[in-house]
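Below is one structure, written out as structure tokens; the observations come after it.
The values are calculated or read from the model by the stated rules, or taken from the named source; none is laboratory data. What you see is a predicted model, and the numbers here were worked out from it, not measured in a lab. So basically every Cβ, Gly included, is an ideal-geometry build from the backbone, and we count neighbours across all protein chains shown.
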Amino acid sequence: MAMSDLVQSSKSGEIGILTVNNPPVNALSPGVPEGILAGVEAFGKDDGVKAIVLIGGGRTFIAGADIKEFGKMTSGQTRRGPGFNEILNTVEKSSKPVVAAIHGTAFGGGLETAMACHYRVAVADALVGQPEVKLGIIPGAAGTQRLPRLAGIQKAVEMCAGGDPVKAADALKAGILDQIVEGDLLAGAIAFAKTKIGQAPRRTRDLTDKLGTAEANAPVFAAARDAARKRARNVLAPQAAIDAVEAATKLPFDQGIAREAELFQKCLFSDQSKSMIHVFFGEREVAKIPDIGKDIQLIPVNKVAVIGAGTMGGGIAMNFANAGIPVLIKETDQAALDRGMNTIKKNYANSVAKGRFTQAQMDERMARITPQLTYDGFDKVDMIVEAVFEGMELKKKIFGEIDKIAKPGAILASNTSTLNINEIASATKRPQFVIGTHFFSPANVMRLLELVRGAATSKEVIATCMAISKKIGKIGVLVGNCWGFVGNRMFGPYRREAQYLALEGAKVADIDKALYEWGMAMGPLATGDLAGLDVGWRIRKELALAGKSTGEPTVEDLLCELGRYGQKTGAGWYKYEKGDRTPHPDPEVAKIIKDTAAELGVPQKTFTDSEILRRLLFSSVNEACRILEEGKAYRASDIDVMWLHGFGFPRYRGGLMYWADGIGVKEVYAQIANWHQQYGARWAPSRLLRELAESGTPFREAKPAPFN
Ligand code: 3H9
């Protein structure tokens, strides 16, 4: 008997089975809730059925509401009726026990559906969660009301405001699940359902014993609000989620639902949620490479080698070790190798101290990293990542060496941040296996992994590197080969303008504060201090030697000449106490800036936060347009994703281009054209920007040149 195309119905003896089949993740698209309702009602009338099992077909239970529907609601294309809550209430009211059988992920509306069932069983590797806050919304189908009744206030607040998934074993302990099923899920769920036949169903709405007292709950809510303010600075949804859970402790169930609906609606229509939903789809779009199909053969990568145990090499090795992949790490001298391994150890020990993982897990990860001074074993690895100093001659020498050693079919990757990948590949006889894998600093923390497609890089190598990115917890973004690639090309002007603003009279701390308060993880000058100012300084010196100086502002050069490389030397744009990363404004720096400005005859003025923000970010928007116009990125949303995961751009603002669309392409262009008049060539509007402004086309619809 088919209830709808999306929900199938069958029977096993006295048990009615409803199977949701809405690939890929059984989202609650139109038709799914209705199918579940029809199934429960039909089984309710069927005397031969004594209990019901709800299960997901394919890879998962229900992964939540259909996120594509939200945009339709907020744009007025569809309206959200009260429907879904009523459907869940009907399921809950069923006089026959309903058991949710969970595998994969019961997320958002999926967990809410399961909680409206009377019982929940799951396989051991299932995950449950209320991740709505990650989309800028809150649970909207009574999750904030049913979850505290099952799991208590503390757990409900944690899950609804934090959004992280919970493993089956923890969910069992918390009372969200009733049983973990070993072996076949459906068989286990049927067996469980049989034990409930004839019993009055346990309805979540009627449970009150875990709701606690106002006195006991007050500190829990206060602490949660405080933690959410810190963890999700400026974000509305986590606070709204806590308000909704609090309503569960103060209002009867149905009034609690009404309060939740109000808060849900407010969040759904907020700019923050629209931005975060844009990001959700952008993060999935980025993995799609137009000329590479899903059928492409991946290269198995089970063992890796990294060349260079410096800050980057060490961080890169940690990524593989964390993902369970053994990794060789090579240095040229023992002292550097020891230093690198000590840094890795220190980083891991910090994570253990912070409770991120256990000492035993740290030991396992350390054991996966083999330090060495030779190329021993390099002939057996599937991928080699070179992470030595940024110098073409050195990189070519190394690629020439590994070309002779690496086994046929091994991926040869360079962690270059600026250099021509084709030239690096030319040092080998197998350029089709060479690719750029540009990690962002700190490599073990930042999620962006810029993959640089060389002229000869094979599709297999690209697809494999995209897959590996996911495996090691990164977001891989494929970009074209050009100086500085895409990330640094956009970040360069942003940091350049920060320096110009300082020269024009803005205080160092005020520049950083404007960006930080707006939502960036750090201000641009503090970021420089963290990454090390000497990196750019060395690159500029190399360029100058090669006669390619860009004539950029020189405050950072002056700071570097004084040995002020940033945090690592205790001084950069700021000064730092030993062992402390807190930046302190430094009058010495203010004097250097003032003297330089006087020498260059730069007039001094004051700036508002909004002027600071636009000066920095518009310069990047202009460069991003140039990148698209040259065909070095696939789409504007890839650029958004890069800003989020490489540069600490706030997720709730959707990424650089999405944010710029909010201002409007015409206004951005007019301002840039104006600055072009005022400041000269560095602000020359890109052709694409001008064309978009003239035709009124938003950035998100910009058509890049064919990728090259
Ligand atoms: C909610 O439930 C609100 C309720 O409280 C209120 C209701 C009234 N909708 O990530 P993947 C697509 S809010 C639509 O690559 P994975 C995704 O776009 C929702 N589409 O796979 C992709 O499509 P494509 C709460 C969705 O294995 C494909 O599925 N739930 C949805 O790495 C594969 O996705 C969430 O926030 C969706 N809900 O991870 C869960 N989910 O192939 C969000 C996925 O065309 N989803 N797609 O690019 C996830 O966390 C992950 O996708 C999941 C699978 C863990 C499920």
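What the table below lists for this structure:
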item	result
Exclusive hit being surrounded by fewer than 18 Cβ atoms within 10 Å (Cβ to Cβ) and either without any contact (Cβ under 8 Å) to a residue 12 or more places away in the chain or in contact with a strand residue (DSSP E or B) (Cβ under 6 Å, 6 or more places away or on another chain) (or both), set Lys568, Lys578	Lys578
Any hit, the stretch 100-120, residues being free of Cβ contacts under 8 Å to residues at least 40 places away in the same chain, part of a loop (DSSP other than H, G, I, E, B) and more than 10 Å from the ligand (Cβ to nearest atom)	no
Some residue of the stretch 296-308 being within 16 Å of the ligand (Cβ to nearest atom) and within 30 Å of Glu701 (Cβ to Cβ)	yes
Inter-residue pairs, beta-carbon under 8 Å, first farther than 14 Å from Ile639 by Cα and in the stretch 479-496, second assigned to a strand (DSSP E or B), 6+ apart	Asn481/Gly436; Asn481/Val452; Asn481/Arg453
Subset of the stretch 653-673 [of a type in the set (Gly, Ala, Ser) and touching a residue at least 40 places away in the same chain (Cβ under 8 Å)]	Gly654, Gly655, Ala660, Gly662
Conditions (1) in contact with a strand residue (DSSP E or B) (Cβ under 7 Å, 6 or more places away or on another chain); (2) farther than 24 Å from Ala261 by Cα: number failed by Lys45	(1)
Subset of the stretch 133-190 [among the charged types (D, E, K, R), within 18 Å of Phe107 (Cβ to Cβ) and assigned to a loop (DSSP other than H, G, I, E, B)]	Asp164
Evaluation of Val235 against (1) within 16 Å of the ligand (Cβ to nearest atom); (2) without any contact (Cβ under 8 Å) to a residue 60 or more places away in the chain (one fails), failing number	(2)
Members of the stretch 55-84 that are loosely packed, with under 15 Cβ neighbours inside 10 Å, assigned to a loop (DSSP other than H, G, I, E, B) and within 13 Å of the ligand (Cβ to nearest atom)	Arg59, Thr78, Arg79, Gly81, Pro82
Evaluation of Asp125 against (1) surrounded by fewer than 24 Cβ atoms within 10 Å (Cβ to Cβ); (2) within 11 Å of the ligand (Cβ to nearest atom); (3) part of a loop (DSSP other than H, G, I, E, B) (one fails), failing number	(2)
Number of the condition not met by Gly547 [criteria: (1) in contact with a Lys or Arg (Cβ under 6 Å, 6 or more places away or on another chain); (2) assigned to a loop (DSSP other than H, G, I, E, B)]	(1)
Gly572, sole failed condition from (1) farther than 21 Å from Lys507 by Cβ; (2) modelled with pLDDT of 95 or more; (3) within 30 Å of the chain's Cα centre (by Cα)	(1)
Number of the exception - Phe607 against (1) part of a helix (DSSP H, G or I); (2) more than 28 Å from the chain's Cα centre (by Cα); (3) within 18 Å of Asp510 (Cα to Cα)	(1)
The stretch 230-268 - residue that is in a helix (DSSP H, G or I) and of a type in the set (S, T, N, Q) and, of those, surrounded by the fewest Cβ atoms within 10 Å (Cβ to Cβ)	Gln255
The stretch 354-375 residues that are within 11 Å of Leu328 (Cα to Cα), paired with ones that are charged (D, E, K, R) and surrounded by fewer than 12 Cβ atoms within 10 Å (Cβ to Cβ) (beta carbon under 8 Å, 6 or more apart)	Leu373/Asp333
Set Ile87, Ile36, Ile52: member being of a type outside the set (D, E, K, R), under 26 Å from Leu127 (Cβ atoms) and not in a helix (DSSP H, G or I)	Ile52
Positions within the stretch 172-200 being surrounded by 14 or more Cβ atoms within 10 Å (Cβ to Cβ) and of a type in the set (S, T, N, Q), in sequence order	Gln179
Single residue of the stretch 130-161 satisfying the filter (small (Gly, Ala, Ser) and more than 20 Å from Arg203 (Cα to Cα)) that is nearest to the ligand (Cβ to nearest atom)	Gly136
Of residues in the stretch 276-294 being in a loop (DSSP other than H, G, I, E, B) and more than 9 Å from the ligand (Cβ to nearest atom), the one surrounded by the most Cβ atoms within 10 Å (Cβ to Cβ)	Val286
